[in-house]
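The values are calculated or read from the model by the stated rules, or taken from the named source; none is laboratory data. Since the structure is predicted, the reported quantities are computational estimates derived from the model, not experimental observations. Every residue, glycine among them, receives a Cβ derived from its backbone with ideal geometry; neighbour counts consider all protein chains shown.
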Amino acid sequence: MKNSQLTSIADSWFETKGWKPFPFQKKTWNAFLDGKNGLLNAPTGSGKTYALWTPIVLQYIKDNPDYKTKHTKGIKAIWITPLRALSVEIKQAAQRFADDLETGMTVGIRTGDTSQSERAKQKKNMPDLLITTPESLMLLLASKGYDKIFKTLTAVVVDEWHELLGSKRGVQMELALSRLKTVSPQMRIWGISATIGNLEQAQDVLLGASNDNSLSAVKDNEIKDFEGSANSILIKANLKKKIVVKSIIPKKMETFPWRGHLGLHLLDQIIPILNKSKTTIIFTNTRSQCEIWFQKILEKYPEFAGEIAMHHGSINKETRLWVEQAIRNESLKAVVATSSLDLGVDFAPVETIIQIGGPKGIAKFLQRAGRSNHRPGEPSVIHFLPTHAMELIEASALKKAVKGEVMEDRIPYLLSFDVLIQYLVTLAVSDGFFPKKIFPEIKATFCFQGITEEQWQWCLNFITLGSQSLQAYDEYKRVLVDDDGRFYVDSRQTAMMHRLSIGTIVSDAMVQVKYVSGGFIGTIEEFFIGKMKPGDTFVFAGRTLELVRLRNMAAQVRRSSKKTRNIVSFMGGRMALSSQMSEILRNELQSEADHKRNTPELKALSDIFDRQELESIVPGNNEFLIETFKTREGYHNVFYPFEGRFVHMAMGGLLAYRISLLSPITFSLAYNDYGFELLSDQPLDIQNVIDNNLFSTEYLFDDLQKSLNSTELARRKFRDIAVISGMVFTGYPSKQIKTKHLQSNSQLLFDVFRDYEPDNLLYQQAFRETFEHEMEEGRLQLALERIAKQTIVWKQCEDATPFSFPIITDRLREKLSSEKLKDRIKRMTLKLMK
Amino acid sequence: MVVKIHNNTFDLHKSGAIFWQEQSMLLIADVHLGKVAHFRKHGAAIPAHVAHENLERLTNTVDEFRPKNICFLGDLFHSKLNTEWEDFASWTQYTNAQIILVNGNHDVIPKYLFKDLGVQIEDELIIDSFLLTHHPTKRDAFFNFCGHIHPGVRMQGLGRQTMKFACFFKTKNQLIFPAFGNFTGKYILEPTKDDEIFVLVDGEVVSVS
């Protein structure tokens, strides 16, 4: 059958539904049927499922002309989704199309929630379309005979690729695809992505690096010739949607706080918005903030009981599914949510979105705005609720950004050895692997295009010897090598522990919260529960709970009637202003420095700007502001580059390090999106900093690396790395295994590597990742170059200024010191029991 | 750092051990030998020489005091038998002191293996008015030496400075040892103003209370 005949089958199906295929859908069908790989750039709710599922079915029809009477077994396509919650919706849509065309094709879901028996059934007899997550796909690669299962694949579709791209799950995906390219010769790879700044790069990462390096490595090996990027296409849906941004401006500016991240002061002002619209999603930036808002709305407006709900990643699945269903059938007035509701699922009844606190990125803000009002032609409305005064500037900037359609990049990971090690053990657990055959596949991925022979050998040694040389009497045991040179895992325990750990790439050190009487409530981070003693109470998932005992990574709790202010908090989720947002923000400030005050937000801020200008200034584009003052905490030195949190983190560390070379000194560092603080117990001569040219870009890389060694940033990155590479066993939320004598924490490991094996690739990776993903070294360079052209304005103030206030009150801090511990301890006191 | 308790003299050592002068006894808690090998056996690639360093420090500390007796206050071995046992066995032959092990919760290695090496095993040890145990234990009229907790304290200073240190944690009738082993964590305690705290810092023992 010709392609045009095939697509006309789909056309007529669309017609029976009273729809007309979008041009981008038809374009995708044809490209797919021509055997192309590609990336489809289309927003949620635009019909992207039918853009790619349709040609998969058509291809099946083409390959099996008597498809109506005889069903050919074997899996045809895998649909990857980053969130389990999305799979049901995709299944329904896909199944409907397959059934209406009488193909007899089946659609199945396989995620962490799929039952054992269902999984076993699937393995024996795969559905035609399997909807799954990156982790579950990895688990399939960890089972024997996976090559036979996947032989018949015609397509892998990676949905919401932009979400996976900037994460290690994206690397997992790259590696899985590198294997499937060999075992599934018919396979095409397609990604679906929302609009981001680096769409072309997103396409390259998905399809693999097709540069000369990888080709030369491939040459003398038997790897299948996969054309990758060469035979690929980028299709843009180009569906524009109007978005209206409204700021919630405090009625009384005098009482609006200078700092804070909760925004509860404006709670009353959202009530009319909730009442006016059918269903509202209230987006918060962190899970703790989500918990608190839910709690407070109910406290102040008990009439909403039963009409509002909460949705975040740590709440158990049943509750989340219930909430999603309730949104669909319009039985909820409002849902307080985190990014767990950012993606996918179409919620037609949602009319209004409220964003609490700065969204930090334009892409994220637009995505959230797009969650509302799926009726074509009508604009999406998003209300922005600032949590402190300075965020009103952000609101003003956001409006400009939305108009200008500025988009950020998602930065892909490079050389993630932790994920590679996990992957190699995965292959060893299933059918075993020959390094000669796998290396070219890995080298052809985007992530590992730069891997050297030495680094590859290091990884092989790591999984077989647990070190880089054979040690006497060593009992290290993970991966073995047989006489033919095949790498395999022989111990059942190693295999089981590995399978359990595959899912931990997204959640490390999580503790389950359960009732003593049974019943799972959700998961929270170990660091929070670790601080509590039995009998302590806390609020989680909207309930007050008392900790009874902590056992085997599970916190057993009971309901409590005690009042407590101890609301669950989570470490993750602090985001930083993107460089695009930062630039727009600086322009807003310039207009403020000129006293234009030409937007409602800036007008509202008049009092605060006046106050700022009492002792200091509102810096314009050509000024770099430094404020110093003394409080009872010590000597504050606050710098304002307005470059976003991550750049400030790097610049703060760099500057502190360079100052500490001049004389022994100890700093505590804090930063937000506007600036950073170096707090010390001794005064700092800013003139000295200026005279010594400490903002220089000379030796930048070197100094930055050294400053990183003296702070704790890399230590935090190491947590993930230790878990993913299998050095820390956390078990898995739903299955606890006995690892009592194997419990250690990544902190301890970090120290051990620092002291005994600093050249360990995984240890070094922690620093590299901090560089590439946290600090955005490139941005730092640009920022310093900009500062070099600015006039430095040093203001010695009597007291904290409005700009400095949110920074100096931040409790999440780094430290850097060039003093001897013994000298420091003399000026310190013991923390005593209260 | 020397401390007097019940008219006896105790040397608090930078390694986390204590030398009891009157008894010529070296007291050491929570060495956790074999922990590194145990992790490696289960596929976690902790650098193997971390284990060697542990035994090396033990040897150096013993050489410094040349005690007649060495008493381990529990958790000498982290888990089941592994290759680090061999190293320990040859170490016991090298040292001249009488070795006593007060059992801890991690000590699961069969007692006869210790006895074959001439190591004396006890559930607790009473010497004069001193009670030596692994778990902190209160008993009237006795001063208790114990381990198990791996104590640490938090220090704070101006400019929002805080730091954590391993320490000897002494209350009126008890002294909890820091963990001797190098691959062990610490548990942060909050002392009251009556407690005496000696932290391990830069290779020294410093009194901070």
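Things to note:
- Count - residues of the stretch A:274-287 that are in a helix (DSSP H, G or I) and in contact with a strand residue (DSSP E or B) (Cβ under 6 Å, 6 or more places away or on another chain): 1
- You will find that of A:457, A:493, the residue that is surrounded by fewer than 15 Cβ atoms within 10 Å (Cβ to Cβ) and more than 23 Å from residue A:145 (Cα to Cα) is A:457 and no other.
- Answer residue from the stretch A:770-786, given it is of a type in the set (A, V, I, L, M, F, W, C) and modelled with pLDDT under 90 and is nearest to residue A:705 (Cα to Cα) among those: A:771
- The helices (runs of 4 or more DSSP H) falling completely within the stretch A:393-503 that include 2 or more residues that are within 24 Å of residue B:40 (Cβ to Cβ) and among the charged types (D, E, K, R) map to A:492-502.
- For the stretch A:759-780, the condition holds for at least one residue, the condition being that it is within 30 Å of residue A:613 (Cβ to Cβ) and either surrounded by 16 or more Cβ atoms within 10 Å (Cβ to Cβ) or facing chain B (nearest Cβ under 9 Å) (or both).
- Applying the set (1) closer than 30 Å to residue A:726 by Cβ; (2) among the acidic types (Asp, Glu); (3) in the same structural domain as residue A:350 (by TED's automatic domain parsing) to residue A:378 leaves exactly one unmet item: (1).
- Unique match (being among the aliphatic types (A, V, I, L, M), touching a helix residue (DSSP H, G or I) at 6+ places or on another chain (Cβ under 9 Å) and closer than 16 Å to residue A:371 by Cβ) among A:248, A:282, A:273: A:282
For every residue, the table says whether it meets (1) touching a Pro at 6+ places or on another chain (Cβ under 7 Å); (2) within 25 Å of residue A:72 (Cβ to Cβ); (3) of a type in the set (S, T, N, Q); (4) modelled with pLDDT of 95 or more.
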{"residue": "A:162", "(1), (2), (3), (4)": "no, no, no, no"}
{"residue": "A:165", "(1), (2), (3), (4)": "yes, no, no, no"}
{"residue": "A:188", "(1), (2), (3), (4)": "no, yes, no, yes"}
{"residue": "A:197", "(1), (2), (3), (4)": "no, no, no, no"}
{"residue": "A:204", "(1), (2), (3), (4)": "no, no, no, no"}
{"residue": "A:215", "(1), (2), (3), (4)": "no, no, no, no"}
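Okay, residues lined up against (1) at pLDDT below 90; (2) closer than 28 Å to residue A:466 by Cβ; (3) in contact with a Gly (Cβ under 8 Å, 6 or more places away or on another chain); (4) outside any loop (DSSP other than H, G, I, E, B):
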{"residue": "B:43", "(1), (2), (3), (4)": "yes, yes, yes, no"}
{"residue": "B:56", "(1), (2), (3), (4)": "no, yes, no, yes"}
{"residue": "B:63", "(1), (2), (3), (4)": "no, no, no, yes"}
{"residue": "B:71", "(1), (2), (3), (4)": "no, no, no, yes"}
{"residue": "B:75", "(1), (2), (3), (4)": "no, yes, yes, no"}
{"residue": "B:115", "(1), (2), (3), (4)": "no, no, no, yes"}
{"residue": "B:131", "(1), (2), (3), (4)": "no, no, no, yes"}
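- Residue A:116 out of contact with any Pro (no Cβ under 7 Å at 6 or more places or on another chain) and either among the hydrophobic types (A, V, I, L, M, F, W, C) or more than 23 Å from residue A:3 (Cβ to Cβ) (or both): yes
- Helices (runs of 4 or more DSSP H) within the stretch A:575-675 that include 2 or more residues closer than 18 Å to residue A:818 by Cα: A:645-662
- When the stretch B:142-165 is filtered for residues that are over 19 Å from the mean Cα position of the chain (by Cα), surrounded by fewer than 18 Cβ atoms within 10 Å (Cβ to Cβ) and more than 7 Å from chain A (Cβ to nearest Cβ), only B:162 remains.
- Residue in the stretch A:814-823 that is within 9 Å of chain B (Cβ to nearest Cβ), surrounded by fewer than 16 Cβ atoms within 10 Å (Cβ to Cβ), touching an Asp or Glu at 6+ places or on another chain (Cβ under 9 Å) and touching a residue at least 12 places away in the same chain (Cβ under 8 Å) present: yes
- Checking each residue in the stretch A:18-29 for being surrounded by fewer than 24 Cβ atoms within 10 Å (Cβ to Cβ), over 21 Å from residue A:204 (Cα atoms) and not charged (D, E, K, R) picks out A:18, A:19, A:21, A:22, A:23.
- So residue A:605, is it touching a Leu at 6+ places or on another chain (Cβ under 8 Å) and at pLDDT 80 or above: yes
- The stretch B:176-198 - residue that is facing chain A (nearest Cβ under 7 Å) and in contact with a helix residue (DSSP H, G or I) (Cβ under 8 Å, 6 or more places away or on another chain) and, of those, modelled with the lowest pLDDT: B:185
- Going through (1) at the interface with another protein chain (Cβ under 9 Å from one of its Cβ atoms); (2) modelled with pLDDT of 90 or more one by one, residue A:797 falls short only on (1).
- From B:138, B:111, residue being without any contact (Cβ under 8 Å) to a residue 60 or more places away in the chain, within 22 Å of residue B:198 (Cβ to Cβ), out of contact with any Gly (no Cβ under 9 Å at 6 or more places or on another chain) and exposed (fewer than 15 other Cβ atoms within 10 Å of the Cβ): B:138
- Selection over the stretch A:450-498 of residues that are at positive phi and of a type outside the set (Gly, Ala, Ser) gives a count of 1.
- Condition check for residue A:382: under 26 Å from residue A:484 (Cα atoms) and surrounded by 19 or more Cβ atoms within 10 Å (Cβ to Cβ): no
Conditions tested, residue by residue: (1) among the charged types (D, E, K, R); (2) within 17 Å of residue B:190 (Cα to Cα).
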| position | (1), (2) |
| --- | --- |
| B:146 | no, no |
| B:150 | no, yes |
| B:166 | no, yes |
| B:170 | yes, yes |
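- Contact annotation: residue pairs with Cβ atoms under 6 Å, 6 or more positions apart or on different chains, pairing a residue in the stretch A:486-500 that is charged (D, E, K, R) with a partner that is outside any loop (DSSP other than H, G, I, E, B), are A:490/A:480.
- Some residue of the stretch B:9-31 being within 10 Å of chain A (Cβ to nearest Cβ), closer than 20 Å to residue B:147 by Cα and not in a loop (DSSP other than H, G, I, E, B): no
- So residue A:297, is it among the hydrophobic types (A, V, I, L, M, F, W, C), modelled with pLDDT of 85 or more, in a loop (DSSP other than H, G, I, E, B) and crowded, with 19+ Cβ neighbours inside 10 Å: no
- In summary, residue B:50 fulfils each of the numbered conditions (1) of a type outside the set (D, E, K, R); (2) at the interface with chain A (Cβ under 10 Å from one of its Cβ atoms); (3) free of Cβ contacts under 8 Å to residues at least 60 places away in the same chain with the single exception of condition (3).
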